[in-house]
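All remarks here apply to the structure that follows.
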Amino acid sequence: MIGSGRGFQTEPRVIPMPPTTSSLFADLDVIAEPDAPIGQMTWYGIGGRADLLIRPRTLDALQALARRCARTETPLRILGAGANLLVADEGVDGVVVRLDQPEFTSIRYNARGALETMRAGAGADMARVLMDTVRRGLDGLVQMAGIPATIGGAITMNAGGAYGAVGESVHSVGCLSRSGELVVYPRSELRFEYRRTNIPDPVVLWAAFSLTETDPVALRGRLKEIFSYKKSTQPLAEHSAGCTFRNPIDPVTERRVPAGRLLDEAGLKGRSVGGATVSARHANFITVRPGTRSDDVRKLLEIMQQTVLEHSGYELEPEISIWRRGEP
């Protein structure tokens, strides 16, 4: 699972669980970890801890937990692969859920044998799902090569890159509403835009994809082409969270302008705050080294935004999410 073992290790602390918090999950089939080092589970590998990390074993347990969090107004966050995420140094309150148990990571295909539909759980690793479809000679997800995500995280932000986005092949999506009810959205009700979807629910449970049979050799060739491109243009070997900012829209042409180009033209490659540095390979990546604080990354983000605004007039919107204590 992406995110496990990537972070810089720290000594665990032992903190007793408050009785009011344990009442949220004590009778449920879950794995509970108080004071969990979730910052270490992100691709940055930095940041604070979660008051409570819950890994449900069943859908029933997840539904009950969601209902209780809604009833008690307890913040509930979903931790996927840990890419595109910065956890504040002070950590986060409420409940963080990780859907990494078999109930939420399975991959299933229909039995028709010709044109197939595949359904993957929200916690399934996108790289694993992609490679499984390529081995079967099924096209529809190759555009996701080299993009770190779980299925749920990819759907939530319509993850993608220069070769396309995940929403292009979505057939339907199953979700959990804020009140814990199951909701299924067919393709006709879904809208996938640049790094956004219209899904209002806080928890994606699964996604089904429409795939087409194709020449496996040609499909593997496309996969290698995309990986080669990413390896040559992105700092894949360093600690980062992927692209830092969304590509803004040019008000004249109404086309998106590469944020990396704007950052490069503003002279930001190599700029550092503490242990956080704008990558010399790709200016839209922030890399970190051991000892970096989340606050270093946040301050560098602000410098990058202000510098680009002054240089070219574009307001850059972060693509990464920042989790802070006291914020939903």
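Here are some notes:
- Per the conditions (1) crowded, with 18+ Cβ neighbours inside 10 Å; (2) in contact with a helix residue (DSSP H, G or I) (Cβ under 8 Å, 6 or more places away or on another chain), the sole criterion not satisfied by Gly137 is (1).
- Some residue of the range 171-183 being under 23 Å from Arg256 (Cβ atoms), surrounded by 15 or more Cβ atoms within 10 Å (Cβ to Cβ), out of contact with any Ser or Thr (no Cβ under 9 Å at 6 or more places or on another chain) and modelled with pLDDT under 95: no
- Filtered by the rule that a residue be more than 15 Å from Glu310 (Cα to Cα) and not in a strand (DSSP E or B), the range 249-260 gives Asp250, Pro251, Val252, Thr253, Glu254, Arg255, Val257, Pro258, Gly260.
- Looking at the range 262-328, the strands (runs of 3 or more DSSP E) lying wholly inside it that each contain 3 or more residues that are under 20 Å from the mean Cα position of the chain (by Cα) sit at 286-288, 321-323.
So that you can scan it fast, the table gives a plain yes or no per residue for (1) without any contact (Cβ under 8 Å) to a residue 60 or more places away in the chain; (2) farther than 28 Å from Lys231 by Cα; (3) out of contact with any Ser or Thr (no Cβ under 6 Å at 6 or more places or on another chain); (4) not aliphatic (A, V, I, L, M):
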residue: Val288; (1), (2), (3), (4): no, no, yes, no
residue: Thr292; (1), (2), (3), (4): no, no, yes, yes
residue: Gln306; (1), (2), (3), (4): yes, yes, yes, yes
residue: Leu309; (1), (2), (3), (4): yes, yes, yes, no
residue: Ser321; (1), (2), (3), (4): no, no, yes, yes
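- Checking the range 271-284 against the condition returns a match, with at least one residue being at positive phi, free of Cβ contacts under 8 Å to residues at least 60 places away in the same chain and surrounded by fewer than 21 Cβ atoms within 10 Å (Cβ to Cβ).
- Residue match in the range 189-202 (condition: modelled with pLDDT under 95, surrounded by 13 or more Cβ atoms within 10 Å (Cβ to Cβ) and among the hydrophobic types (A, V, I, L, M, F, W, C)): no
- Some residue of the range 214-224 being within 18 Å of the chain's Cα centre (by Cα), of a type outside the set (Asp, Glu) and within 30 Å of Lys269 (Cα to Cα): no
- The number of residues in the range 23-32 being in a loop (DSSP other than H, G, I, E, B), within 21 Å of Gly123 (Cα to Cα) and not acidic (Asp, Glu) comes to 2.
- Selected residue [within 19 Å of Arg195 (Cα to Cα), buried (at least 18 other Cβ atoms within 10 Å of the Cβ) and either in contact with a strand residue (DSSP E or B) (Cβ under 7 Å, 6 or more places away or on another chain) or at pLDDT below 95 (or both)] from Ser294, Ser240, Ser321: Ser240
The values are calculated or read from the model by the stated rules, or taken from the named source; none is laboratory data. Please read all numbers here as calculations on a predicted model, not as lab measurements. Methodologically, a virtual Cβ is constructed for each residue, glycine included, from the backbone with ideal geometry; neighbour enumeration extends over all protein chains shown.
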